[in-house]
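The values are calculated or read from the model by the stated rules, or taken from the named source; none is laboratory data. Worth saying up front: this structure is predicted, and the values here are computed from it rather than measured. When we count neighbours, we look across all protein chains shown, and the Cβ atoms used for this are built from the backbone with ideal geometry, even at glycine.
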Protein chains: 4
Amino acid sequence: MRVHRFMPNMFHNTIGAHPPVFEIGDGDSVVTETLDAHGYDARGQQPGRSPNPMTGPFFVSGAKPGDGLRIRINKINLISSSGWTFQGLASHVVDPTAKMLLPQREKIAWLIDNTGGRARPKLPPAGTESWSVGLAPMIGCFGVAPAGGQAISTATSGPYGGNMDYRGFGAGAEVLLPVSAEGALFFLGDVHAAQGAGEIAGTGIETAAEIEFSVHIDKAHAPGWPRGQTPESIFTVGNARPLDQALQHATTEMITWLMTDYGLSAIAASQIMGQTVTYEIANVFNPAYSVVCLIDKKSIPGHTS
Amino acid sequence: MRVHRFMPNMFHNTIGAHPPVFEIGDGDSVVTETLDAHGYDARGQQPGRSPNPMTGPFFVSGAKPGDGLRIRINKINLISSSGWTFQGLASHVVDPTAKMLLPQREKIAWLIDNTGGRARPKLPPAGTESWSVGLAPMIGCFGVAPAGGQAISTATSGPYGGNMDYRGFGAGAEVLLPVSAEGALFFLGDVHAAQGAGEIAGTGIETAAEIEFSVHIDKAHAPGWPRGQTPESIFTVGNARPLDQALQHATTEMITWLMTDYGLSAIAASQIMGQTVTYEIANVFNPAYSVVCLIDKKSIPGHTS
Amino acid sequence: MRVHRFMPNMFHNTIGAHPPVFEIGDGDSVVTETLDAHGYDARGQQPGRSPNPMTGPFFVSGAKPGDGLRIRINKINLISSSGWTFQGLASHVVDPTAKMLLPQREKIAWLIDNTGGRARPKLPPAGTESWSVGLAPMIGCFGVAPAGGQAISTATSGPYGGNMDYRGFGAGAEVLLPVSAEGALFFLGDVHAAQGAGEIAGTGIETAAEIEFSVHIDKAHAPGWPRGQTPESIFTVGNARPLDQALQHATTEMITWLMTDYGLSAIAASQIMGQTVTYEIANVFNPAYSVVCLIDKKSIPGHTS
Amino acid sequence: MRVHRFMPNMFHNTIGAHPPVFEIGDGDSVVTETLDAHGYDARGQQPGRSPNPMTGPFFVSGAKPGDGLRIRINKINLISSSGWTFQGLASHVVDPTAKMLLPQREKIAWLIDNTGGRARPKLPPAGTESWSVGLAPMIGCFGVAPAGGQAISTATSGPYGGNMDYRGFGAGAEVLLPVSAEGALFFLGDVHAAQGAGEIAGTGIETAAEIEFSVHIDKAHAPGWPRGQTPESIFTVGNARPLDQALQHATTEMITWLMTDYGLSAIAASQIMGQTVTYEIANVFNPAYSVVCLIDKKSIPGHTS
């Protein structure tokens, strides 16, 4: 249960079985840095490149294919006073006939005020000069080497995690991923200072960050899709296109989880889910969309957090 | 600005230009009763029939095609001590290969405890004997006569409203619908004592209710899709299949609203939406799914509630 | 088995239980005229209006809810020397980021040469002066009153038929529809002189026509979705959004048909469909898309045409 | 322009930048063998494994990122007298509520009669004893190393080709793929003796084969999505979920092709496509579906084959 510091000097644009950059043990924590989605660090250098350059992979000693890897996001420190977004919404989140509503997809700068806890466009459009958004840092992209020896672009996601762009992946969230390679091979990057649901502009407020995470090997649970929890809720994540299919994956993983780990019958699990579940649309921008299915811990019979 | 009492004795299973059952004025309120989705009232009689029999239509004097009709849900009183749900999840909300997880879609009874503010299955599955869900009454289906002289089944929804099954349609919500017929012709019914997001069991806790609503004619705003507000948020609703398209409608209506009524440029509206919007999946069960796009009033420059 | 002539003088923009304009018997044929999609006749008058004004409804004596109505398209005569299309593709049939490829959706005139059997734009774009397309007349929209007392816009379609815009609905095709109202109440209109698959421009070559059709009541077969045949094939039609769901409906109807009418087991029907089925995308433009599932009669054991 | 023989002894389950097994020149032909989708050869040995083990990659000297690689399928010889399919349709190609129509997804043997040109189940279900299907061999999976250093499972497909399962990929078809790696790195395998459209059983008649193909480097054309031609038609392939998106890709690639290579304006290309295009649903089973957009060469002004 050690705390490591790791300063990356190379970055990957695919998540796959790349040579590990650092080895850690079960229960260890790591403090490391991540570049922004275009490869820039907090000093304005560009040691990585688009899309979503990853820090890692971290080799977790003892993690074997068939295990689960539990990631806890302990802290996300925004270490840059600037970030960026695209200024317009993505063309596919509005009606196909409503394209005239969309400004050019130009990259614009944002100022990040860590002290005040707010961010705002550097050059605010007329009428929004005093507008700002509260900081809510999250990790856009993280995951473990996928199944079948694949190396998959950090633009997309799957059962192994990846570019899920879920604003719930902030400090305090814990995520369980299925291990497919020796040592799990954990990658992370693409922090957003804040982001609306769906990532409908195609970006959050993209920025460099320092992250502390810890890892735990779970020999008993290799989920079909990412599972997670916050202090209030348990949740599952489905990554696929279209939204309907992402929702099916998340819902299937949740009912499976309730039945296998909480000992509920199919009927009991269905009744509880049917009347209490909530969903979040994490991203509706990436090649695979992400839908999150959540249940309050209080709504689960016998839940002990 | 009168308050009317109207006790229905006939019910419609389509929303269309049916003869009005009651005439009201701009600003008036109505207290009325609704049957459950299968046509039962609080006394166990069945004066209506499936699907979702509607109380109405109410003729709003002065409402003309091209106007908007603003509906305020003032109160929803649960007037029955029982309700029902289907016991299993809908087959299309889980993976196509995961059907074995689903119990038979059997109708089961629920007890509604208005004093305690909770509901629970009459015959709870083993392990859930002490489980219950908090009451959160909502109107599943309401709307005005649709465009083009159509009469559309209360199983589905569209720009005119209909069977949106959104759990946000509780007391305190206000909704703006586009008027297509003389007098608007407002229908309502299908109250749920509670419901999870997505209505993934195909039902909320279906029950009879007493509702108080009020109407206001808006000569200046005929929305493309339903718009609404709660004390905290403004929201838009897109009704279509698949979810992707429902989300496009809701997102398009929101950016249009921000630009036309809040005076924001396309860039300003995009920036605010991109980093602050949230979505709710209202229903992923009906022929048309419903997705809600919400923005906190606090996030809108110059919003005065 | 009489042949009637019926000259319409009123037209409907919804398919529903409207008062019949003409009564016919089981086995009868009708020769009638249809307007183009915007309501123009062959003389340039506009007695109807957009969208897709329907001739009818025809009351078929003896047709009862629960029956099937078999429509045979005997002849489609193009009675106008002109037609029209939109000049550009619909915005949703190309990538959302490829809108720049699409010209303005302007209405343009086409010349129909019945003698030569070809059609061409009246003002052909540069480089296409000698281009033309072969005439292949089809009925874009036809159907019977839908279930549940609905009246549904002729812009869309469902189990009852409607605006399916399938280029296979030419002379020689036979279609079976489920009867939901006394007398079936058959409507038709919206002839295209030719049309590509998918109706991706949002129109075929829209024109007025004279049609001869005949009707047969089928007391034994009320299909879930339209079924049909040509001399070579049997086919089923699924009408829904998105394409995936339209395909599911068509495929389900086909396996059901093979099992119930051809006496095949689920395994036999699956094996035959899996290795011989073809699909056509009828339209990917209307509110409900249409997908057709076809099997060669030769591929069906024991088929006797 | 040499003809090589290459007998593979190792196989890949991802398409990526693996070390080449054989080097060939621009214009060369190769005769090689492929395993069936589960890794069996014509002798009943299993040197590969599921899914879709690939022969290759072939290094094409002179092919550079940014080029196109033109593959011609010259011959597909079925070298085994047996094949296999799954016996039931895939669960997601029928209505979610119609699962009862589907038999267990069991693997069954087929007999391939090369002399008679037909195939049939080894143990035909009752009533289909004399049924058989005509042989129409096709290559289910082929492609070049994808962009961005990815290695992608042979279960799926993308702009680089992959598991498209299109029954049009038989002898005589030519396909153009975009080159992303030095030498292009061409893979192929997964031959089907026959297959229905959509691959709705999840398989064609899977079998081992001998294939002759030739390669041509095209320095002028790197398509966005696979382009191809047969003697009659030109076509484009879109690979994505859902079908709507696959269709968008194929349609966008076709209009782009008509405008850039045939010198048509957007209006001319739209008019021709709108009234003459056809679509095939190649597969609706794999993680990415495949839709093919075709135009008869005769329908293209100035086409010289």
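Taken together, B:ILE71, B:ILE112 contain a single residue that is outside any loop (DSSP other than H, G, I, E, B), touching a Phe, Trp or Tyr at 6+ places or on another chain (Cβ under 7 Å) and either outside the structural domain of B:GLU33 (by TED's automatic domain parsing) or not small (Gly, Ala, Ser) (or both), which is B:ILE71. Checking each residue in segment C:211-263 for being farther than 17 Å from C:VAL291 by Cβ, in contact with a Gly (Cβ under 8 Å, 6 or more places away or on another chain) and among the acidic types (Asp, Glu) picks out only C:ASP218.
Condition test on D:PRO125, is it part of a loop (DSSP other than H, G, I, E, B) and buried (at least 21 other Cβ atoms within 10 Å of the Cβ)? Here the answer is yes, as D:PRO125 does meet what is asked.
Quick check on my filter: what residues within segment C:169-203 are closer than 21 Å to C:SER233 by Cβ, out of contact with any Ser or Thr (no Cβ under 7 Å at 6 or more places or on another chain) and assigned to a loop (DSSP other than H, G, I, E, B)? Result: C:PHE169, C:GLY170, C:ALA171, C:ALA194, C:GLN195, C:GLU199.
Filter segment A:3-12 for residues that are assigned to a loop (DSSP other than H, G, I, E, B) and crowded, with 19+ Cβ neighbours inside 10 Å and give the result.
Matches in segment A:3-12: A:PRO8, A:PHE11.
Checking each residue in segment A:13-68 for being part of a loop (DSSP other than H, G, I, E, B), in contact (Cβ under 8 Å) with a residue 40 or more places away in the chain and of a type in the set (D, E, K, R) picks out A:ASP26, A:ASP28, A:ASP36, A:ASP41, A:LYS64, A:ASP67.
Looking at the structure I just gave you, is A:GLY204 under 25 Å from A:GLU106 (Cβ atoms), in contact (Cβ under 8 Å) with a residue 24 or more places away in the chain, in contact with a helix residue (DSSP H, G or I) (Cβ under 8 Å, 6 or more places away or on another chain) and not β-branched (Val, Ile, Thr)?
Considered against the rule, which asks whether it is under 25 Å from A:GLU106 (Cβ atoms), in contact (Cβ under 8 Å) with a residue 24 or more places away in the chain, in contact with a helix residue (DSSP H, G or I) (Cβ under 8 Å, 6 or more places away or on another chain) and not β-branched (Val, Ile, Thr), A:GLY204 comes out as yes.
How about segment D:232-286: which of its residues are hydroxyl-bearing (Ser, Thr, Tyr), assigned to a strand (DSSP E or B) and facing another protein chain (nearest Cβ under 7 Å)? If the condition is that a residue be hydroxyl-bearing (Ser, Thr, Tyr), assigned to a strand (DSSP E or B) and facing another protein chain (nearest Cβ under 7 Å), then D:THR278, D:TYR279 are the ones that fit.
Take the conditions (1) closer than 30 Å to C:ALA288 by Cβ; (2) assigned to a strand (DSSP E or B); (3) at the interface with another protein chain (Cβ under 10 Å from one of its Cβ atoms); B:ARG120 misses just one of them, which is (1). Being at pLDDT 95 or above, within 25 Å of A:GLN245 (Cβ to Cβ) and hydroxyl-bearing (Ser, Thr, Tyr) holds for only one residue in B:THR256, B:THR236, B:THR230, and it is B:THR236. Note on segment C:123-135: residues that are at the interface with chain D (Cβ under 8 Å from one of its Cβ atoms) and in contact with a strand residue (DSSP E or B) (Cβ under 8 Å, 6 or more places away or on another chain) amount to 3. Determine whether A:TYR289 is more than 7 Å from every other protein chain (Cβ to nearest Cβ) and more than 25 Å from the chain's Cα centre (by Cα). The answer is no for A:TYR289. Of all residues in segment D:261-284, those satisfying the criterion of being within 27 Å of C:THR278 (Cβ to Cβ) and of a type in the set (Gly, Ala, Ser) are D:ALA269, D:SER270, D:GLY274, D:ALA282.
What number of residues in segment B:1-38 are closer than 30 Å to C:ILE15 by Cα, under 17 Å from the mean Cα position of the chain (by Cα) and more than 14 Å from chain C (Cβ to nearest Cβ)? Going through segment B:1-38 one residue at a time, the tally reaches 5.
Checked against the criterion of being crowded, with 19+ Cβ neighbours inside 10 Å and either assigned by TED's automatic domain parsing to the domain that holds A:GLY172 or under 30 Å from B:GLY238 (Cα atoms) (or both), the candidates A:ASN52, A:ASN77 yield just one match: A:ASN52. How about segment A:200-222: which of its residues are within 14 Å of another protein chain (Cβ to nearest Cβ) and among the hydroxyl-bearing types (Ser, Thr, Tyr)? Across segment A:200-222, the qualifying residues are A:THR203, A:THR207. The number of residues in segment C:175-192 that are acidic (Asp, Glu) and crowded, with 24+ Cβ neighbours inside 10 Å comes to 1. From the list B:TYR289, B:TYR262, the lone residue that is hydroxyl-bearing (Ser, Thr, Tyr) and either assigned by TED's automatic domain parsing to the domain that holds B:ALA90 or buried (at least 23 other Cβ atoms within 10 Å of the Cβ) (or both) is B:TYR289.
Does D:PRO159 satisfy the criteria of being at pLDDT 95 or above and in contact with a helix residue (DSSP H, G or I) (Cβ under 7 Å, 6 or more places away or on another chain)?
Considered against the rule, which asks whether it is at pLDDT 95 or above and in contact with a helix residue (DSSP H, G or I) (Cβ under 7 Å, 6 or more places away or on another chain), D:PRO159 comes out as no.
A single member of D:GLN104, D:GLN46 is at pLDDT below 95 and not acidic (Asp, Glu), and it is D:GLN104. Counting the residues of segment C:77-107 that are farther than 30 Å from D:VAL292 by Cα, of a type in the set (Val, Ile, Thr) and out of contact with any Asp or Glu (no Cβ under 6 Å at 6 or more places or on another chain) gives 0. Residues that are under 30 Å from D:GLY25 (Cα atoms) and under 23 Å from the mean Cα position of the chain (by Cα): does segment D:98-120 have at least one? Checked against the condition, which is being under 30 Å from D:GLY25 (Cα atoms) and under 23 Å from the mean Cα position of the chain (by Cα), segment D:98-120 yields no hits at all. The set of residues in segment C:80-109 that are surrounded by 22 or more Cβ atoms within 10 Å (Cβ to Cβ) and in contact with a Phe, Trp or Tyr (Cβ under 7 Å, 6 or more places away or on another chain) comprises C:GLY83, C:THR85, C:ALA90. Condition check: among the small types (Gly, Ala, Ser) and at positive phi. Does A:GLY83 satisfy that? Criteria not met by A:GLY83. Only one of these is among the small types (Gly, Ala, Ser) and surrounded by fewer than 24 Cβ atoms within 10 Å (Cβ to Cβ): B:GLY172, B:GLY204. Name it. Only one candidate passes the filter, namely B:GLY172.
As a summary of the residue check, D:ALA155 satisfies the conditions (1) surrounded by 23 or more Cβ atoms within 10 Å (Cβ to Cβ); (2) more than 11 Å from chain C (Cβ to nearest Cβ); (3) in contact with a Pro (Cβ under 6 Å, 6 or more places away or on another chain) except for the one numbered (1).
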